[in-house]
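Please read the structure below before turning to the comments.
The values are calculated or read from the model by the stated rules, or taken from the named source; none is laboratory data. A quick note: this is a predicted structure, and the numbers were derived from the prediction, not measured. Positions of Cβ are generated from backbone atoms using ideal geometry, with glycine treated the same way; all protein chains shown enter the neighbour counts.
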Amino acid sequence: MIVSRLGWPALRAALWLGALSLGTQASAATGWAAQATALFPQPTTRSAALRVVAASERLDIQRCSALWCLVRVGTQDGWLLRAAVNMSGPCAALVPLGLKDLRRHEAAYSPERDPDRNGRACDQRDFLRTGGR
(Lines give C-alpha, C1' and ligand atoms only; values in the text may rest on other atoms or scores of the structure.)
Protein backbone atom coordinates (compact mmCIF):
# COMPACT_ATOMS: atom_id res chain seq x y z
CA MET A 1 0.00 0.00 0.00
CA ILE A 2 1.27 3.45 -0.87
CA VAL A 3 0.82 4.84 2.66
CA SER A 4 2.98 2.16 4.25
CA ARG A 5 5.70 2.68 1.66
CA LEU A 6 5.77 6.48 1.75
CA GLY A 7 4.29 7.27 5.14
CA TRP A 8 1.63 9.82 6.01
CA PRO A 9 3.85 12.93 5.81
CA ALA A 10 4.91 12.09 2.26
CA LEU A 11 1.36 11.25 1.23
CA ARG A 12 0.04 14.51 2.67
CA ALA A 13 2.76 16.47 0.88
CA ALA A 14 1.85 14.71 -2.37
CA LEU A 15 -1.81 15.57 -1.87
CA TRP A 16 -0.86 19.21 -1.20
CA LEU A 17 1.14 19.35 -4.42
CA GLY A 18 -1.76 17.75 -6.26
CA ALA A 19 -4.13 20.37 -4.88
CA LEU A 20 -1.76 23.10 -6.04
CA SER A 21 -1.62 21.70 -9.55
CA LEU A 22 -5.39 21.99 -9.83
CA GLY A 23 -5.10 25.79 -9.81
CA THR A 24 -5.33 26.04 -13.58
CA GLN A 25 -8.17 23.51 -13.86
CA ALA A 26 -10.50 24.66 -11.11
CA SER A 27 -13.88 26.11 -11.89
CA ALA A 28 -14.70 29.68 -11.01
CA ALA A 29 -15.51 30.67 -7.46
CA THR A 30 -17.35 33.75 -6.28
CA GLY A 31 -15.37 36.39 -4.47
CA TRP A 32 -15.15 40.17 -4.20
CA ALA A 33 -12.74 43.03 -4.55
CA ALA A 34 -11.60 44.08 -1.09
CA GLN A 35 -10.79 47.58 -2.33
CA ALA A 36 -11.16 49.58 -5.53
CA THR A 37 -8.58 48.22 -7.93
CA ALA A 38 -7.72 48.27 -11.63
CA LEU A 39 -8.74 45.42 -13.94
CA PHE A 40 -6.03 44.73 -16.51
CA PRO A 41 -6.23 42.82 -19.82
CA GLN A 42 -2.93 41.06 -19.01
CA PRO A 43 -1.19 40.21 -15.73
CA THR A 44 1.02 43.29 -15.78
CA THR A 45 0.58 46.87 -14.62
CA ARG A 46 2.27 47.96 -17.86
CA SER A 47 -0.94 47.30 -19.79
CA ALA A 48 -3.64 49.97 -19.77
CA ALA A 49 -6.37 49.26 -17.23
CA LEU A 50 -9.70 48.14 -18.66
CA ARG A 51 -11.60 49.75 -15.80
CA VAL A 52 -11.64 50.15 -12.03
CA VAL A 53 -13.41 47.45 -10.06
CA ALA A 54 -15.26 48.93 -7.09
CA ALA A 55 -14.66 47.76 -3.53
CA SER A 56 -17.03 44.87 -2.68
CA GLU A 57 -17.82 44.27 -6.36
CA ARG A 58 -18.53 40.62 -7.15
CA LEU A 59 -15.84 38.61 -8.93
CA ASP A 60 -15.86 35.19 -10.54
CA ILE A 61 -12.35 34.01 -9.71
CA GLN A 62 -10.96 31.72 -12.43
CA ARG A 63 -7.40 31.15 -11.15
CA CYS A 64 -4.61 32.94 -9.33
CA SER A 65 -0.84 33.05 -9.38
CA ALA A 66 1.50 34.49 -6.77
CA LEU A 67 0.64 38.07 -7.82
CA TRP A 68 -2.43 38.01 -10.07
CA CYS A 69 -5.94 36.56 -10.33
CA LEU A 70 -7.81 36.02 -13.57
CA VAL A 71 -11.39 37.09 -12.87
CA ARG A 72 -14.65 37.84 -14.60
CA VAL A 73 -16.43 41.01 -13.52
CA GLY A 74 -19.89 41.03 -15.05
CA THR A 75 -19.17 40.05 -18.66
CA GLN A 76 -15.57 41.28 -18.69
CA ASP A 77 -12.52 39.08 -18.11
CA GLY A 78 -9.28 40.51 -16.81
CA TRP A 79 -6.54 40.39 -14.20
CA LEU A 80 -6.57 41.87 -10.70
CA LEU A 81 -3.69 42.07 -8.29
CA ARG A 82 -4.15 39.09 -5.99
CA ALA A 83 -3.73 41.25 -2.89
CA ALA A 84 -7.13 42.87 -3.63
CA VAL A 85 -9.08 39.61 -4.13
CA ASN A 86 -11.05 37.91 -1.36
CA MET A 87 -13.51 35.07 -1.07
CA SER A 88 -15.19 33.16 1.71
CA GLY A 89 -14.52 29.56 2.63
CA PRO A 90 -11.73 27.42 4.01
CA CYS A 91 -8.30 26.92 2.49
CA ALA A 92 -9.59 23.79 0.75
CA ALA A 93 -11.73 26.11 -1.41
CA LEU A 94 -8.98 28.69 -2.00
CA VAL A 95 -5.95 26.51 -2.75
CA PRO A 96 -7.30 24.89 -5.96
CA LEU A 97 -7.77 28.39 -7.37
CA GLY A 98 -4.18 29.34 -6.53
CA LEU A 99 -5.04 31.39 -3.44
CA LYS A 100 -2.33 29.84 -1.28
CA ASP A 101 0.60 31.07 0.80
CA LEU A 102 -1.42 34.22 1.54
CA ARG A 103 0.49 36.97 3.32
CA ARG A 104 -0.98 39.34 5.91
CA HIS A 105 -1.19 42.22 3.41
CA GLU A 106 -3.46 40.21 1.10
CA ALA A 107 -7.23 40.56 1.39
CA ALA A 108 -7.80 36.78 1.46
CA TYR A 109 -5.51 36.38 4.48
CA SER A 110 -7.27 35.83 7.79
CA PRO A 111 -6.05 34.47 11.13
CA GLU A 112 -8.61 31.65 10.83
CA ARG A 113 -6.80 30.49 7.68
CA ASP A 114 -3.42 30.66 9.45
CA PRO A 115 -3.67 28.24 12.40
CA ASP A 116 0.09 28.19 13.05
CA ARG A 117 0.19 32.03 13.06
CA ASN A 118 3.29 32.20 10.86
CA GLY A 119 1.88 35.06 8.77
CA ARG A 120 1.11 32.79 5.80
CA ALA A 121 -2.43 31.49 5.42
CA CYS A 122 -3.34 28.44 3.37
CA ASP A 123 0.29 27.39 3.16
CA GLN A 124 1.47 23.79 3.15
CA ARG A 125 1.99 23.68 6.93
CA ASP A 126 -1.57 24.90 7.54
CA PHE A 127 -2.91 22.40 5.02
CA LEU A 128 -1.12 19.50 6.70
CA ARG A 129 -2.12 20.68 10.18
CA THR A 130 -5.82 20.81 9.31
CA GLY A 131 -5.81 17.65 7.23
CA GLY A 132 -6.80 19.58 4.10
CA ARG A 133 -9.91 21.24 5.60
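The residues of region 69-84 that are surrounded by fewer than 20 Cβ atoms within 10 Å (Cβ to Cβ) and either without any contact (Cβ under 8 Å) to a residue 24 or more places away in the chain or closer than 15 Å to Gln35 by Cα (or both), listed by number, are Val73, Gly74, Thr75, Asp77, Leu81, Ala83. For region 54-61, does any single residue satisfy the condition of being in a strand (DSSP E or B), at negative phi, charged (D, E, K, R) and out of contact with any Phe, Trp or Tyr (no Cβ under 9 Å at 6 or more places or on another chain)? Yes: region 54-61 contains one or more residues that are in a strand (DSSP E or B), at negative phi, charged (D, E, K, R) and out of contact with any Phe, Trp or Tyr (no Cβ under 9 Å at 6 or more places or on another chain).
Say whether the condition of being of a type in the set (Ser, Thr, Tyr) and under 11 Å from the mean Cα position of the chain (by Cα) is met by at least one residue in region 110-126.
Going through region 110-126, the residues of a type in the set (Ser, Thr, Tyr) turn out to be 110.
Cutting the leftovers down to under 11 Å from the mean Cα position of the chain (by Cα) gives us none.
No; the residues of region 110-126 include none that is of a type in the set (Ser, Thr, Tyr) and under 11 Å from the mean Cα position of the chain (by Cα).
When only residues in region 20-34 that are surrounded by 13 or more Cβ atoms within 10 Å (Cβ to Cβ) and in a loop (DSSP other than H, G, I, E, B) count, which is modelled with the lowest pLDDT? Ranking the candidates gives Ala26 first. Kindly check whether there is at least one residue in region 87-104 that is touching a Lys or Arg at 6+ places or on another chain (Cβ under 8 Å) and without any contact (Cβ under 8 Å) to a residue 24 or more places away in the chain. The answer is yes; a qualifying residue exists.
Residues in region 85-125 that are in a helix (DSSP H, G or I) and surrounded by fewer than 21 Cβ atoms within 10 Å (Cβ to Cβ) were compared, and the one that is modelled with the lowest pLDDT is Arg125.
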